Amino acid sequence: MAEVPKKLTIPAEEYICSGHLACQGCGAALAMRYALKALGPNTVYTVPACCWSVIDGPFPYTTLGVPLFHIAFEAAAASACGLSAGLEMVGKKGVNVVAWAGDGGTADIGIQALSGAAERNDNILYICYDNEAYMNTGVQRSSSTPWGAWTTTTPARHFKKRPKKNLVDIMVAHQIPYVATAAMAFPEDLIRKVSKAKDIEGTKYIQIFASCPPGWRMAPEYAVKAVRLAVNTRIWPQLEVEHGVYTINRKPRKYTPVAEYLKLQGRFAHLTEEQIEQMQEMVEREWDRLLFLEKSTHEMAGLPLAGEKAAASKEGGAGAAAGQG
Amino acid sequence: MTEKIDIRGACDMPPMAKSLGRMSWNKTGSWRNVTPVIDYDKCTRCMLCWKFCPDLAISCTDPPEIILDYCKGCGVCAEECPVKCIEMKEGL
């Protein structure tokens with residue numbers, strides 16, 4: 001075998017193996033691959049019912065190179081707390097206990113266990129890979145499904161009329177040390193955030209935006225492109241909230257209109273021009289709110305903000321709807 | 001351990017709930033109906049195809065090679081390649 005190339009931007013070690021049962025172009029499989037590159041071999045996973053409980057493979061096989069517990073749907077955070085406490089009792093230090101759940105297992109079914117863990121500030125890392133519906137069971141609406149999306153339970157004529165549940169703000173309200181969002185199209189940022197979170201004591205929450213080509217009704221080759229567009233259109237802002245202080249990690253100089261992102265996916269195919277316009281407005285309102293939060297929380301904490309940078313990107317934001325194709 | 005374990009009855013089941021093998025016995029290459037082919041003359045060895053392969057079916061070597069035993073033919077590598085040197089060809 002030829003030698004490892006030198007200019008890699010992410011670690012070369014792999015802790016998952018080929019042969020897993022993910023669909024073609026699975027964003028969740030990529031998210032797991034990157035997260036494990038950051039966490040390393042000294043890690044324990046608990047996985048509730050979600051795509052990953054299928055991807056991992058049937059008993060007695062596994063895809064991961066680290067221990068993995070399959071757990072009941074609502075119990076990801078609770079079992080992770082138990083594992084963390086157990087490891088502490090037997091004196092094992094430096095083991096990353098990770099609860100790895102989908103958006104249904106986090107925002108709907110698992111939220112009470114997650115809320116409990118966050119309130120106790122148990123030493124766990126909770127990672128939610130967000131593909132915006134119950135993809136494993138065949139694309140049913142979850143509370144993390146965005147406004148306007150088609151799912152089998154919100155058909156095109158009666159598409160989802162409520163916005164996506166803002167889990168980041170829910171977790172920030174628990175006053176835990178670290179909350180972040182990442183996207184699997186930006187692995188360097190994802191790996192940096194997971195590496196940072198694993199060294200923090202307490203409950204850490206990271207929400208990773210992961211595409212699902214079958215559920216989003218798009219061709220599998222757009223799996224990474226769609227997520228990159230979600231970040232560049234500001235639909236999925238990449239945030240970091242450390243002790244309540246918001247930081248927006250990526251402010252693209254020129255914003256792509258949301259229509260670019262929507263037209264890739266069949267689940268938004270029914271939206272009319274006015275509805276796309278409405279979505280653009282919603283995205284801009286949310287972005288302005290985040291910019292305000294970033295500014296005010298930095299001021300309150302007495303931390304310097306990269307001020308000129310923010311102002312420059314705001315100007316870019318004003319011309320966003322018109323420019324950039 | 002990559003061999004497939006033959007479980008025919010309860011007596012073949014492992015006594016403890018622990019994993020006995022890796023999923024790499026499952027050659028997912030048979031799922032494929034389009035196959036990526038790299039044009040090595042155009043390839044700049046940026047390794048983006050390796051970075052974004054969800055099936056780890058591109059080797060982390062210089063030059064990168066497609067591992068056809070596992071490639072599911074999703075086409076992410078061809079889409080992400082900055083110099084468009086990967087072509088998806090019909091068939092296996």
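Just so it is clear, none of the values below were taken in a lab; they were calculated from the coordinates. Not measured: the values here are computed from a predicted model. Counting neighbours? That spans all protein chains shown, and the Cβs are built from the backbone with ideal geometry, glycine included.
Structure notes:
- Pairwise Cα distances in the stretch B:28-90 exceed 14 Å in 48 percent of cases.
- Semi-axes of the equivalent ellipsoid for the protein assembly as shown, computed as √(5λ) from the eigenvalues of its C-alpha gyration tensor and ordered from largest down, come to 32, 28, 22 Å.
- Counting Cβ atoms of other protein chains within 10 Å of each Cβ in B:62-73 and taking the mean gives 3.
- Charges were assigned to the Cβ only: +1 to each Lys and Arg, -1 to each Asp and Glu. The resulting dipole of the stretch A:56-119 about its Cα centre is roughly 320 debye.
- In chain A, helical runs assigned H by DSSP with n ≥ 4 each contribute -39500 (n - 2.57); averaged across all residues and rounded to the nearest 500, the mean residue ellipticity at 222 nm is -11000 deg cm²/dmol.
- Peptide B:24-36 is shielded by partner chain Cβ atoms: per residue, an average of 3 of them sit within 10 Å of its Cβ.
- Peptides A:98-105, A:173-180 ordered by packing proxy, namely the average of other Cβ atoms within 10 Å per residue, highest first: A:98-105, A:173-180.
- Excluding same-chain neighbours fewer than eight residues apart, the lysines reachable from A:Lys161 by a Cα-Cα span under 21 Å are A:Lys263.
- In this simple spin-label model, placing a label point 7 Å from the Cα along the Cα-to-Cβ direction at both A:Thr272 and A:Leu303 gives a separation of 4.5 nm.
- Distance from the Cα centroid of the stretch A:182-242 to that of the stretch A:1-67 is 16 Å (rounded to whole angstrom).
- Dipole magnitude for the stretch B:28-90: about 100 debye, using +1 per Lys or Arg Cβ and -1 per Asp or Glu Cβ, origin at the Cα centre.
- Cα gyration tensor, the stretch A:154-208 - rounded (a/c under 1.5), prolate or oblate: oblate
- Alpha-carbon radius of gyration plus Dmax, which is the widest Cα pair, for the stretch A:179-300 in Å: 15.6, 47
- Each pair of Cα atoms in the stretch A:139-245 enters the Kirkwood radius, and Stokes-Einstein at 37 °C and 0.692 mPa s then converts it into a translational diffusion coefficient of 217 µm²/s.
- Straight-line reach from A:Lys93: taking Cα to Cα under 22 Å and skipping same-chain neighbours fewer than 8 places apart, the lysines in range are A:Lys37, A:Lys193, A:Lys196, A:Lys198, A:Lys204.
- Most tightly packed first, judged by the mean number of other beta-carbon atoms within 10 Å of their residues, the peptides A:200-208, B:10-18, A:73-81 read A:73-81, A:200-208, B:10-18.
- Of B:Met23, B:Ile38, B:Leu56, farthest towards positive along the dipole that unit charges on Lys, Arg, Asp, Glu beta carbons give chain B: B:Met23
- Shape of the stretch A:1-44, Cα gyration tensor, a/c cut at 1.5: oblate
- Test item: Cα-centred dipole of chain A, Lys/Arg +1 and Asp/Glu -1 on Cβ, debye: 420
- Loop-located trypsin sites (Lys or Arg not before Pro) across the stretch A:6-59 with a Cβ neighbour count of 12 or fewer within 10 Å are A:Lys6, A:Lys7, with loop assigned by DSSP.
- Listed by chain and number, the aspartates and glutamates whose alpha-carbon sits under 12 Å from that of A:Lys254, ignoring those within fewer than 8 places in the same chain, are A:Glu315.
- Using the Cβ-Cβ distance between A:Val95 and A:Lys6 with R0 = 45 Å, the FRET efficiency computed as 1/(1 + (r/R0)^6) comes to roughly 0.90.
- A simple packing score, the average count of other Cβ atoms within 10 Å per residue, orders the peptides A:10-17, A:192-199, A:123-130 as A:123-130, A:192-199, A:10-17, with the highest score first.
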